[in-house]
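A.B. asks: Got a structure for you, written out below as structure tokens; questions coming shortly.
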Amino acid sequence: MAYNKKHVKIGLWPEKEEKEKKYSKNREALKLTVPTFLLFCSICLIFLILLSPFTSPPQTSFTASSLPRTCDQNFTVYVYDLPKEFNTNLLQNCRHLNIYTDMCPHVANNGLGQPLHRGGGDSETWFATHQFIAEMIFHARVKNHPCRTWEPNNADIFYVPFYGGLYASSVFREYNLTKRDELAVRLVDYMSGQRWWGRSNGRDHLLAFGRTAWDFMRSSDEAGTDFGANILMQLPLVRNMSVLTVERQPWDGDNQFGIPYPSYFHPYTSAEMLTWQDKMRSVERPHLFSFVGGPRKGLEKAAIRDELIRQCADSSRCELLKCESGGSRCHDPMTVLGVMARSRFCLQAPGDSFTRRSTFDAMLAGCIPVFFSPHTMYTQYMWYLPDDKRSYSVFMDEKNSTLIEQELSRISESEVVHMREAVIAMIPKMTYAHPNATNYDLPDAVDVALEALAMQAKTKVVYSL
């Protein structure tokens, strides 16, 4: 039955009519209360939004499946938010960051490069990582590090995320030295004006580069023998800082510290690392030794490389992967690691400089490295190495005429097993874990460096503020 308004009013019982009057009054009061309440909530929300930057730090970005690790080390690190010209803006010109190759595929995934599809669903842990890209991976790891602080007053060390190696390689052929040096000089000018620089004149500040120290140490009298370096590490203010490089200058590098070249494995979890280590313990190694590399120009480099290639080629117990111009097998990570994983010992001759990424590829494969210069490993990566170099490596003086197969054959099977176990035990701290690593509680290459620098800052740095 349809009722009109008049009908409904007349038909009400007296007590119902009284209740209707009260309901009407309450409804009018509710009309006033609801807008007032909504206005109050809006004001509170605006207040919280405005206040939030002052009450909580910016949140670290993690993948949907990840959980932030807790800080188990006794230090804190502050990351400068540099003007973009010093890091990410450089990536916009990725095709010209290296005079030899297009770096666009390599700067992807925070510097990890392109995923390697090995089968077994592990494409998220293996990447075709470029050997000179450590600064990007280091930056990504520190940004997500559990010991990062957003309060500079509480920091033990200060990280300056300058992609100096990528910049250096982009201007190797710049003949105007002022132009070649300009970004490095601008960085130092910028840092010298920062409040927290003045606390210790930069002695608790660090840079991390994916290239060798030689690329930043051009001296004023090198005009005739210039090979493309800039002067960043020669600047007085930078000499106060700690500079991490994949190769330090052994004689004049008191503020330089070697960090590993990045290899191809970037695990998400500790379980992935432990599984890989177990695999390297059990893999069959039919070859006594191997060499992955090619000839080099220059009298000393050519001599040792040519000799290693000759001896390996002449031996039935050596596997040779000769890298020559235009060849692709040496640029295939799985081919390289396969040769090393089939070998007990891996020959590590100096490359274009003392060090080479191949050393870290070999150790990742559980292959005992054989060195021919102390500066390939022993004087470089002290934070990462056991005190007894004979426990994990073999040294042969390149100046002596050595029969490599004969020397390596003298090492007993039990010694080989112990040396290989020492190498495999070193893999975690020689590795750069994935920046979004979860359930990963093994110290990686970045953890080791940060902890060592923090300890150094706590014991040696005198603060003026």
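The values are calculated or read from the model by the stated rules, or taken from the named source; none is laboratory data. Quick caveat: nothing in here was measured; it's all calculated off a predicted structure. Because the Cβ atoms are built from the backbone with ideal geometry, glycine has one as well, and the counts that use them run over all protein chains shown. What goes into the accessible areas is simple: the full protein's heavy atoms, side chains included, and nothing from ligands, DNA or RNA. Shrake-Rupley method; radii C 1.70, N 1.55, O 1.52, S 1.80 Å.
A.B. asks: Here are the criteria: (1) more than 24 Å from Phe132 (Cα to Cα); (2) open to solvent by 10 Å² or more (accessible area, probe 1.4 Å); (3) over 28 Å from the mean Cα position of the chain (by Cα). Tell me which single one Pro386 does not satisfy.
C.D. replies: Failing condition for Pro386: (3).
A.B. asks: Which residue is farthest from Met233 (Cα to Cα), if the candidates are limited to region 161-174 and must be crowded, with 23+ Cβ neighbours inside 10 Å and of a type in the set (A, V, I, L, M, F, W, C)?
C.D. replies: Leu166
A.B. asks: OK, next. For region 363-393, how many residues are over 18 Å from Ser412 (Cα atoms), touching a residue at least 60 places away in the same chain (Cβ under 8 Å) and of a type in the set (A, V, I, L, M, F, W, C)?
C.D. replies: 6
A.B. asks: With (1) assigned to a loop (DSSP other than H, G, I, E, B); (2) among the hydrophobic types (A, V, I, L, M, F, W, C); (3) in the same structural domain as Ser343 (by the TED database) as the list, and Phe291 as the residue in question, which single condition is left unmet?
C.D. replies: (1)
A.B. asks: May I ask you to list the residues in region 338-371 that are more than 15 Å from Ala422 (Cα to Cα) and open to solvent by 10 Å² or more (accessible area, probe 1.4 Å)?
C.D. replies: Hits for region 338-371 are Gly338, Ala341, Arg342, Pro350, Asp352, Ser353, Phe354, Arg356, Arg357, Ser358.
A.B. asks: Could you grab the pairs with beta carbons closer than 7 Å, sequence gap of 6+ or different chains, first residue in region 189-205 and more than 19 Å from Ala454 (Cβ to Cβ), second one of a type in the set (Gly, Ala, Ser) and open to solvent by 20 Å² or more (accessible area, probe 1.4 Å)?
C.D. replies: Gly198/Ser464
A.B. asks: Answer yes or no: is there a residue in region 414-428 that is within 28 Å of Gly258 (Cα to Cα), at pLDDT below 95 and open to solvent by 20 Å² or more (accessible area, probe 1.4 Å).
C.D. replies: no
A.B. asks: For Ser242, state whether it is surrounded by 17 or more Cβ atoms within 10 Å (Cβ to Cβ) and under 19 Å from Phe86 (Cβ atoms).
C.D. replies: So Ser242 fits the description; yes.
A.B. asks: Which ranges mark the helices (runs of 4 or more DSSP H) fully within region 387-465 that have 1 or more residues being over 20 Å from Tyr78 (Cα atoms)?
C.D. replies: So the answer is 404-409, 413-430.
A.B. asks: While we're here: Answer yes or no: is there a residue in region 189-212 that is among the acidic types (Asp, Glu), surrounded by 14 or more Cβ atoms within 10 Å (Cβ to Cβ) and over 28 Å from Thr379 (Cα atoms).
C.D. replies: No: region 189-212 contains no residue that is among the acidic types (Asp, Glu), surrounded by 14 or more Cβ atoms within 10 Å (Cβ to Cβ) and over 28 Å from Thr379 (Cα atoms).
A.B. asks: Still on this structure, please answer the following. Could you please tell me which pairs satisfy a Cβ distance under 6 Å, a separation of 6+ or placement on different chains, a first residue in region 136-150 that is within 12 Å of Thr76 (Cα to Cα), and a second residue that is crowded, with 18+ Cβ neighbours inside 10 Å and among the small types (Gly, Ala, Ser)?
C.D. replies: What qualifies is Thr149/Ala155.
A.B. asks: Within region 272-299, can you find the residues that are of a type in the set (Gly, Ala, Ser), at pLDDT below 95 and either out of contact with any helix residue (DSSP H, G or I) (no Cβ under 7 Å at 6 or more places or on another chain) or surrounded by fewer than 19 Cβ atoms within 10 Å (Cβ to Cβ) (or both)?
C.D. replies: Within region 272-299, Gly294, Gly298 qualify.
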